[in-house]
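The structure appears right after this line, and notes come after that.
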Amino acid sequence: IVLNTSTPEGREALIAILRDTDIFITNLRPGALKRARIDYESLKAELPTLIYCSVSGYGLEGDDIDIPAFDITAFWTRAGVAAATIPTDQRPFPCRPGFGDHVTATATLSAILAAVYERHKTGVGRLIEASLLRAGVYALGWDLSVQLRYGEGTPARPRAATLNPISGYFQTADGRWFCMLPRGPDNWPAIAKAAGRPHLVDDPRFNDPMVRSQNAPALLDELDAGFGSISFDQAAEGLTKGDIIWGPLQHAGDVVNDIQAPHAGCFATVSDGRGGTFKIPAAPVRFPGVDDGPKGPAPQHGQHTREVLAEAGYSAEAIEKLLASGAAAEPFAHPVHAAE
């Protein structure tokens, strides 16, 4: 449904719909919501059972609440995720599209479900506040916990300055990269063996975690030479046999062809609205035995304007008046699709 809530008629139609609504989610800035009188304070007395969820860049309190924000600015950059991710010897680069949005959306969903559970007990709705900034701080919890507790953080070091040279990315002879992370010092012999360098285990420069850290550049050279002389398949076999935590560095084209991804439920099939189908990334969890996939396609803006207004109690004549006045709208003549 499309409503123009800057008009009295459009706002009134929204209120009519919300009277029978469980959850209202908005990503408008607090100032815009207040001007339109659809902020929580303006609605809570009239709609006491409504769960009202505000998703913004910077929250609902403070001087910066009406600064415009995308995930790249509020979540990635201002929350510290970029600085913790990008090594100090590289120029800053942006996050992938929607990266922080997805984290924030998942957190928002969790909060909404908790509020629904609470309302079952109390019969009263509530305000929920989510922001890109707060979600970014939470996602960076390891780094910021250290910063808050000890007053200093751990920067994203250049590779040669790593504190743990047996943890990170390595390239094989056929040009493929993988990442490995040891669970503890007992993994070192298996890593050396997988790299074809078992003699390094007894090398006094590398036989202890502290001395490995002190001799990181030399050990990286050894491991680079070792993994660089074998194929990816050989490295994968050695790491898997050694029970090492590792994974291949994959691009999007690799992921969609990953033999494990379908078994993990990573993809879903949706209708394109024209009689065909296409695949999309699935939700991050599934419920085995239940048809929990999307039922799409997503509706156009305003596709159900008449239907929703009728459900809210508007007569056919009243709906025509709302449409004629511009307080409500139906689909655009030429809807814009994501592919365009």
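General remarks:
- Rounded to the nearest 10 degrees, the angle from helix 216-227 to the longest Cα principal axis of the chain is 90 degrees.
- For the chain, the share of DSSP beta bridges that are antiparallel, to the nearest 5, is 60%.
- Charging the Cβ of each Asp and Glu at -1 and of each Lys and Arg at +1, and nothing else, the dipole of the chain about its Cα centre rounds to 280 debye.
- Lys, Arg +1 and Asp, Glu -1 on Cβ, resulting dipole of the range 1-136 about Cα centre, debye, nearest 20: 100
- Angle in degrees between helix 141-150 and the longest Cα principal axis of the chain, rounded to the nearest 10: 70
- Sparse packing (at most 16 other Cβ atoms within 10 Å of the Cβ) combined with a DSSP loop state is found for the following trypsin sites (Lys or Arg not before Pro) in the range 259-289: ARG274, ARG286.
- Contact order normalised by residue count of the range 71-218, Cα under 8 Å, 6+ apart, percent: 22
- Each label was represented as a point 7 Å from its Cα along the Cα-to-Cβ direction; for SER229 and GLU152 these points are 3.9 nm apart.
- Cα-projected label distance for ALA324 with ILE245, points at 7 Å along beta-carbon direction, nm: 6.6
- Net charge of the neighbourhood of THR172, taken over other residues with C-beta under 12 Å away and scored Lys/Arg +1, Asp/Glu -1, is -3.
- Gained length - ASP186 relative to ASP63, 0.36 nm times residue gap less alpha-carbon distance: 39.2 nm
- Relative contact order %, the range 158-216, counting alpha carbon pairs below 8 Å whose residues are six or more apart: 36
- Relative contact order, percent, the chain [alpha-carbon distance under 8 Å, six or more residues apart]: 17
- Rolling a 1.4 Å probe over the protein chains gives GLU307 an accessible area of about 100 Å².
- For the chain, the number of Lys pairs separated by eight or more positions or lying on different chains, with C-alpha atoms closer than 23 Å, is 4.
- Option label - Kirkwood radius over Cα pairs in Å computed here, alternatives (i) 27.3; (ii) 24.7; (iii) 25.5: (ii)
- Modelled this way, with points 7 Å down the Cα-to-C-beta line, the labels at THR277 and GLU311 are 2.6 nm from one another.
The values are calculated or read from the model by the stated rules, or taken from the named source; none is laboratory data. Since the structure is predicted, the reported quantities are computational estimates derived from the model, not experimental observations. All Cβ positions, glycine included, derive from the backbone under ideal geometry; neighbour counts span all protein chains shown. For the accessible areas, the whole protein counts, side chains as well, though only heavy atoms, and no ligand, DNA or RNA atoms are used. Shrake-Rupley method; radii C 1.70, N 1.55, O 1.52, S 1.80 Å.
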